[in-house]
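The values are calculated or read from the model by the stated rules, or taken from the named source; none is laboratory data. Keep in mind it's a predicted model, so treat the numbers as computed, not measured. Glycine also receives a Cβ, built like all others from the backbone with ideal geometry; neighbour counts cover every protein chain displayed.
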Ligand SMILES: Nc1ncnc2c1ncn2[C@@H]1O[C@H](COP(=O)(O)OP(=O)(O)OP(=O)(O)O)[C@@H](O)[C@H]1O
Ligand SMILES: [Mg+2]
């Protein structure tokens, strides 16, 4: 156990260092994020202007929505179109079996590797983009959190979001080790959190009758819950609920992922040689 | 008792084939012909502690398959395999912490980071104390002469440079048993000699058991007092190399490769 933790931390440190080398790609990523999110914020500005005139009163104000968008942009690294590239290559060329020649817990090892990639992206791309966004004028830029206590609950919630996002990606990875299925199921499974996490549209802007389900489903925890805490549409006093949801779903995905993986590893065949 | 014991191990693989003929491409989309290949057909042998054994046979004989089974990453269909008293695939983590494996055609190093990072990660994985690790690393880097590429990522190394690093990665934790599947692939003459000398020395000093598959008969000649020949998944010969030579050498056949070729032919492989 202690050995596993130490090995995973060491792996995390090394991959983080490795990921930090990709500065150019992070920089272009920051620019892309800034441009897209600004356009979106402007579009919401127009939408709110006409919608409010027409008597619309959604769950969020324009200011909250724009603030939400920037928080989302910061956390966007948690969602990707596919699983970790390196792991995918290992799975498709059969080198997964070779990892089994080492005395390690493959699940937590891969988990650390995925986490390192995301943390690096989050720090170099997400956070930097967020900070620059404070400079955008005209009410379209990032804003301070609703209150200091909102900020205090936002931080652990981001941590939980990482746990949840990675636990889900590990589940998808474990399923992807079934090479005969190809990429299809993986892409479908990765699309789900894109829609349901609030990355396309803040969940609170969706119809009222869906709200309860949207809050309870697993993927709200990846972006929506931390963002709600930041903009104050979920009060700090309710943070325990949001984070319990995040932790509950993380645990569920971890258990499922470990189970699928241990079953799959038994039937993996080392190709070639 | 023997340290490595295999008895009547069978392994079949399923292979999918596309039907032949003009419409094969389209037919193949709907129905695949499944054929089963018998990779191992009742393999059995015993190896004692500290032995240096060469495992040879023509392409596709089942050498790598045997090594994979012994390393715990492949489960045979039936048969007994016990290594150090453990069944590899049942007690995988314990088992692999006591063995070292090199697959010459594949990389176990971590592709994108400097080789030294891969090594220090292995230190944590195998829980090697820092002083022992430093000492061992120095010993190995000197023996295989890789000090100059420690800071280079594995993907930027040449084949032979990488192979030398792979071998070190398999030896850092001082395994009791070493499985080497074509470890001399891509090595230049100097490195080959260095590796052979090192293996011999390591075997003498720490009593490590080595099973080596290779197509380079000089490796076998230099290292192994015992050879096992496998063909079509069966064990065909088990004994001293000179025994083989006596049987298959002739006036016009003095070269070891020619002798082995004659043997494969004789055994109808
Ligand atoms: N994953 C697999 N799926 C299907 N067939 C396989 C698989 N792995 C090996 N085989 C078959 O099993 C047989 C033994 O293969 P193996 O790799 O053990 O040979 P080898 O002795 O290592 O040969 P070489 O000297 O070429 O490395 C071959 O006929 C091969 O086609
Ligand atoms: Mg082979």
Test set (1) farther than 30 Å from residue A:67 by Cβ; (2) surrounded by 17 or more Cβ atoms within 10 Å (Cβ to Cβ) - residue A:233 fails condition number:
(1)
Out of B:138, B:155, report the one residue that is part of a helix (DSSP H, G or I) and at pLDDT 90 or above.
B:138
For residue B:246, are the conditions met, namely being at pLDDT below 90, assigned to a helix (DSSP H, G or I) and surrounded by 15 or more Cβ atoms within 10 Å (Cβ to Cβ)?
no
Counted residues, the range B:169-199 - those being closer than 23 Å to residue B:66 by Cβ and either more than 14 Å from chain A (Cβ to nearest Cβ) or more than 16 Å from ligand 1 (Cβ to nearest atom) (or both)
14
Selection from the range B:42-58 of residues assigned to a loop (DSSP other than H, G, I, E, B) and either at pLDDT 95 or above or within 17 Å of residue B:7 (Cβ to Cβ) (or both) yields B:48
Checking the condition more than 30 Å from residue B:46 (Cβ to Cβ), within 22 Å of the chain's Cα centre (by Cα) and part of a helix (DSSP H, G or I), which residue from B:119, B:198 passes?
B:119
Please find, within the range B:107-123, the residue that is nearest to ligand 1 (Cβ to nearest atom) out of those that are surrounded by 21 or more Cβ atoms within 10 Å (Cβ to Cβ) and free of Cβ contacts under 8 Å to residues at least 24 places away in the same chain.
B:121
Would you confirm, using the coordinates I've provided, whether residue B:19 is part of a loop (DSSP other than H, G, I, E, B), over 14 Å from residue B:233 (Cβ atoms), touching a residue at least 12 places away in the same chain (Cβ under 8 Å) and more than 16 Å from ligand 2 (Cβ to nearest atom)?
yes
Only residues that are surrounded by fewer than 21 Cβ atoms within 10 Å (Cβ to Cβ), within 15 Å of ligand 1 (Cβ to nearest atom) and more than 14 Å from chain A (Cβ to nearest Cβ): list them for the range B:204-230, please.
B:216, B:217
Against the condition modelled with pLDDT of 90 or more and either within 14 Å of ligand 2 (Cβ to nearest atom) or away from every other protein chain (no Cβ under 11 Å) (or both), how does residue B:28 come out, does it pass?
no
Residues of the range A:50-94 classified as without any contact (Cβ under 8 Å) to a residue 24 or more places away in the chain, within 14 Å of chain B (Cβ to nearest Cβ) and over 22 Å from the mean Cα position of the chain (by Cα), total:
1
When residue A:114 is run through (1) more than 9 Å from chain B (Cβ to nearest Cβ); (2) surrounded by fewer than 22 Cβ atoms within 10 Å (Cβ to Cβ); (3) in a helix (DSSP H, G or I), the failure sits at (2)
First in the range A:195-212 and farther than 16 Å from residue A:41 by Cβ, second anywhere and at pLDDT below 90 and surrounded by 15 or more Cβ atoms within 10 Å (Cβ to Cβ), Cβ under 6 Å, 6 or more apart:
A:204/A:59; A:204/A:60
Restricting the range B:122-133 to residues that are facing chain A (nearest Cβ under 9 Å) and part of a helix (DSSP H, G or I), the residue that is nearest to residue B:163 (Cα to Cα)
B:122
Would you pick out the residues in the range B:47-69 that are in contact (Cβ under 8 Å) with a residue 12 or more places away in the chain, in contact with a helix residue (DSSP H, G or I) (Cβ under 8 Å, 6 or more places away or on another chain) and either facing chain A (nearest Cβ under 10 Å) or away from ligand 1 (no atom under 16 Å from the Cβ) (or both)?
B:50, B:52
With a cut-off of at least 1 residues that are under 18 Å from the mean Cα position of the chain (by Cα), under 24 Å from residue A:87 (Cα atoms) and more than 16 Å from ligand 2 (Cβ to nearest atom), name the helices (runs of 4 or more DSSP H) lying wholly within the range A:176-273.
A:184-196, A:239-267
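For (1) away from ligand 2 (no atom under 16 Å from the Cβ); (2) in a helix (DSSP H, G or I); (3) touching a strand residue (DSSP E or B) at 6+ places or on another chain (Cβ under 7 Å); (4) closer than 30 Å to residue B:241 by Cβ, each residue gets a yes or a no:
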site: B:68; (1), (2), (3), (4): no, yes, no, yes
site: B:72; (1), (2), (3), (4): yes, no, no, yes
site: B:76; (1), (2), (3), (4): yes, no, yes, yes
site: B:80; (1), (2), (3), (4): yes, no, yes, yes
site: B:106; (1), (2), (3), (4): no, no, no, yes
site: B:112; (1), (2), (3), (4): yes, no, yes, no
I need the full set of residues from the range B:70-116 which are more than 10 Å from chain A (Cβ to nearest Cβ) and within 14 Å of the chain's Cα centre (by Cα), in order please.
B:70
